[in-house]
Each structure stands twice: as C-alpha cells, then as structure tokens.
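Notes follow the structure.
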Amino acid sequence: MKAITVRPNSIGAEVRDVVVKETLGRGQALIRTVMTGICGTDRGIVSGKISFAYPPEGYSFLILGHEGLGRVEEIGDGVATLKKGDYVVPVVRRGCGQCLNCKIGRQDFCETGKFVEAGIRGKHGFMREFFVDDEKYLVKVPEEVKDVAVLTEPLSNVVKATEELLFVQRRMIWNCEDSTFECRNAFIVGTGPIGTFFAMTLRTLGFQVYLLNKREPSETERYISEKIGAEFYDTKLGIDKLPDADLIVDTSGVPEAFLPLMKKMRHNSALILFGTMEGEKAEIMSDLVTEIVEKNILIIGSVNASKKDFQGALNYLSIWRYRYGDVLNRMITSKVEVEEAPEVLSKKIKGEIKTVIKWS
Ligand SMILES: [Zn+2]
C-alpha cells in the first residue's frame, strides 16, 4: 500500500509502496484512512530537527502521521462498539503495559517512558492507505463532525491540558464571584491550530482570551478571533497595553516569547507550557523566580491525551460547529494529494493553519 515514510538520520519524506505486517485479529478493526493532518512534529521529524523519532522494531523506515481520520472497513471478532462504515480517530500513544497509569488507559501520564507513539516513536503512523488497530484505541466520530474530525487529535491535547489546569487550580477558589471564569484573562502565545484551539476552549469556559503573535493577524486569523470573541494582539506594539493575566498558555516553545509576559501574571495564576522547540534560549532572572514564589504561580507542562480527551475533543467540535459556524472548516486551510505531501511536509504553506492530506 501507499504510505508516507521517513528514514532515521535522513532528511525528507517520500511516498512509496510499503509492506506492513498486520493482520486483523480479535478486538481489532481494519481502517481505511480518509485524512491525515500535518503538524509541527511531522515537519520536525522530516527536517531532522526532532531527534526522538524512530521506526518500529524490524523496520528501516517509519510511516509518518499521528493526526488520523479513517473509516472502518472490516471488524474482527469481539468488536462491540464499531461497525463497517463508522468514522474513527485513532489515539496516538500506546502504553508501556507496566505502570499503573498505562494499565488504566492514561498512557498520557506513563511513568516508565517506555510507551510508543504512532508516527513518532516506535510505531507506524496513519499516513498510509490502511491500518489495523485495536478497538480500545479507536474513537468513534459523531456523524455531524466527520468533515472536521481530522482536527480531533490536536484538540485532544488541548482538552487534556485544560482539564489539568482546572484540576490543579482547585488548590484555591479560582472562579469569579458569579461562579464563572469571566473575570479571568488568558494569554495564548502562538496562533497556530493549538493556540486557536486553546482560545476556543477557554472562551467556551468563559475566559477572556488574547491571542498573541508578533505580527498582525492573517485574514483567516482575524475572522476566527472575531467569530470566537477573542482578541488578536500584535506583541510588536509592546505588552503594556495588555491587561494582567490569570493564565498564559505558551504554544510556541520559545522562552523569549512567553518570559517577558510573565511580569503580567496575577496572584495564583498559571502558565501552561505546551510548545516545544530545540535550541531556543532566554535568561531567567532571580526577580522572576521571586515573583513566581510570592504570587503562587503554577507552571504546568502538558503533553499527549487519553481516549476520553479525544471524546471530549469531539464534543467540543460538535458544540463549535453549532456555535461558530464555518470556523472549523476555515481552520483547514489546504487539502493536498498524497503525492504533494512530501513537499508540504518540508515547507509550510503560506497562511496555513492546518494542512491535511486526502487519502480516500
Ligand atoms: Zn506506562
């Protein structure tokens, strides 16, 4: 079958015919891929800037792709929740089988680090015509959002991080006097798909949201921020005009982008670190450390998501379809053919929010 592959220690991706040893077993389903999303991690692997990617045992190549959407082609014995024709999204991380979190489906909190991740570490991804997967790793997609369900995986990570935030902020009373979060300001650093999803999720929870980038918004970004009721702010104008923050979410991975904003942080506020980038540097002064201590500032690192977060993401997609109209469709800024994918994987499309590859 056709697949998009990378090889360790070599730059670039290629479309080629591959043989993958998979047979449909008990509790499994054969999935025909419909769409796969392209994200920064894929591009990092293709450009060789991400060093942690590696092929599954017994293979000299890795099939890319962790943002999948497919359709059930055939089910194995014992499959209870899926039938032929269902749309599904596969989860990315597969547990170590040893630690307690992995045993209860929370491999996003794996303690041993011996997990694999489809299309990233030790497991083939979804940029291929077909794949076989366990029912427990497949999330059923509601009919009304199947056209945008390729966005489920990136959103699932945002759902998980937001849930963590709300959980740890129960250390005190963080709600406003009217019980909502409407008195709370959130800064989102970076306006890619993850930043946009944080903005939409936090707006849905009631937060006042500022989407920050060091440039003016594109036409699509302007449209989306207006539609969801967030303010797009160009940090080149200086940060003094911004209000104080109860929450900063960094999706850039660039310390220089979020550290200066930290002086805006209120008492008991939180910083979520979500973006990663290799080789970026910034200095931290002890004054900032004092601020973090004196103001009870919380710093949360968050990665990956569990199956229930994928379900949560699909619930949000259903709500937003109704509330924000065509915003989700407009986030998918290009759909490319499989043959075009290697080029798109090596270079971002201008004005891109999310580029997806069409498979069937
Ligand atoms: Zn584990």
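Below, the figures for the structure above:
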quantity: Antiparallel bridge percentage (DSSP; both residues within the chain; nearest 5); calculated: 50 percent
quantity: Label-reachable residues, the range 319-360, where backbone N falls under 15 Å from a point 7 Å from Val132's Cα toward its Cβ; calculated: none
quantity: Burial ranking of peptide ranges 295-303, 210-218 (average Cβ count within 10 Å, highest at the top); calculated: 210-218, 295-303
quantity: From phi via Karplus (6.51, -1.76, 1.60), per-residue ³J(HN,Hα) for the range 48-60 in Hz, x at Gly/Pro; calculated: x, 7, 9, 9, 8, 6, 7, x, x, 4, x, 10, 9
quantity: Whole-Å distance, taken between Cα centres, linking the range 1-80 and the range 152-196; calculated: 31 Å
quantity: Most mobile of Phe181, Phe310, Phe198 in a GNM of the chain (Cα contacts under 10 Å); calculated: Phe181
quantity: All lysines inside 28 Å of Lys295 as judged from Cα atoms, apart from same-chain residues fewer than 8 positions distant; calculated: Lys160, Lys214, Lys236, Lys241, Lys263, Lys264, Lys281
quantity: Members of Lys307/Lys358; Lys146/Lys354; Lys308/Lys348; Lys21/Lys347; Lys49/Lys123 lying beyond 27 Å, as alpha-carbon distances in this model show; calculated: Lys308/Lys348; Lys21/Lys347
quantity: Among Pro142, Ile120, Cys96 - extreme Cα towards positive end, dipole of the range 79-154, charges at beta-carbon; calculated: Cys96
quantity: ³J(HN,Hα) computed for each position of the range 289-296 - Karplus, 6.51 cos²θ - 1.76 cosθ + 1.60, integer Hz, glycine/proline x; calculated: 4, 4, 4, 4, 5, 5, 9, 6
quantity: Sites matching trypsin sites (Lys or Arg not before Pro) across the range 245-293 that sit in DSSP coil, with at most 14 neighbouring C-beta atoms within 10 Å; calculated: Lys281
quantity: Packing-based order for 89-97, 318-326, using average beta carbon neighbours within 10 Å, highest first; calculated: 89-97, 318-326
quantity: Selected from Phe187, Phe207, Phe126 as most flexible by GNM, with the chain as the system and alpha-carbon contacts under 10 Å; calculated: Phe207
quantity: Packing rank of 148-157, 7-16, where each peptide gets the mean count of other beta carbons within 10 Å, highest leading; calculated: 148-157, 7-16
quantity: All-pairs alpha carbon distance profile, the chain, 20 Å steps from 0, percent; calculated: 29, 58, 13, 0
quantity: Likely footprinting exposure, Lys49, Lys140, fewest C-beta neighbours within 10 Å first; calculated: Lys49, Lys140
quantity: Among Cys110, Cys99, Cys176, residue whose mean-square fluctuation peaks in a GNM of the chain (springs only between Cα atoms under 10 Å); calculated: Cys176
quantity: Reduced Cα scattering model of the range 38-90, Debye log10 I(q)/I(0), q = 0.13, 0.14, 0.18, 0.20 Å⁻¹; calculated: -0.52, -0.58, -0.76, -0.82
quantity: C-alpha center-to-center spacing [the range 201-263, the range 283-308] in angstrom; calculated: 18 Å
quantity: Charged-residue dipole, Cβ positions (Lys, Arg, Asp, Glu), the range 23-168 about Cα centre, Debye nearest 20; calculated: 320 debye
quantity: Stokes-Einstein D (µm²/s) once Rh is taken as the Kirkwood radius of the range 157-301 over alpha-carbon pairs, at 20 °C in 1.002 mPa s; calculated: 139 µm²/s
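Every number here is computed from the coordinates shown, using simple stated rules; none is lab data. Source: prediction; values computed, not measured. Cβ coordinates were reconstructed from backbone atoms using ideal geometry, including for glycine residues, and neighbour counts include every protein chain displayed.
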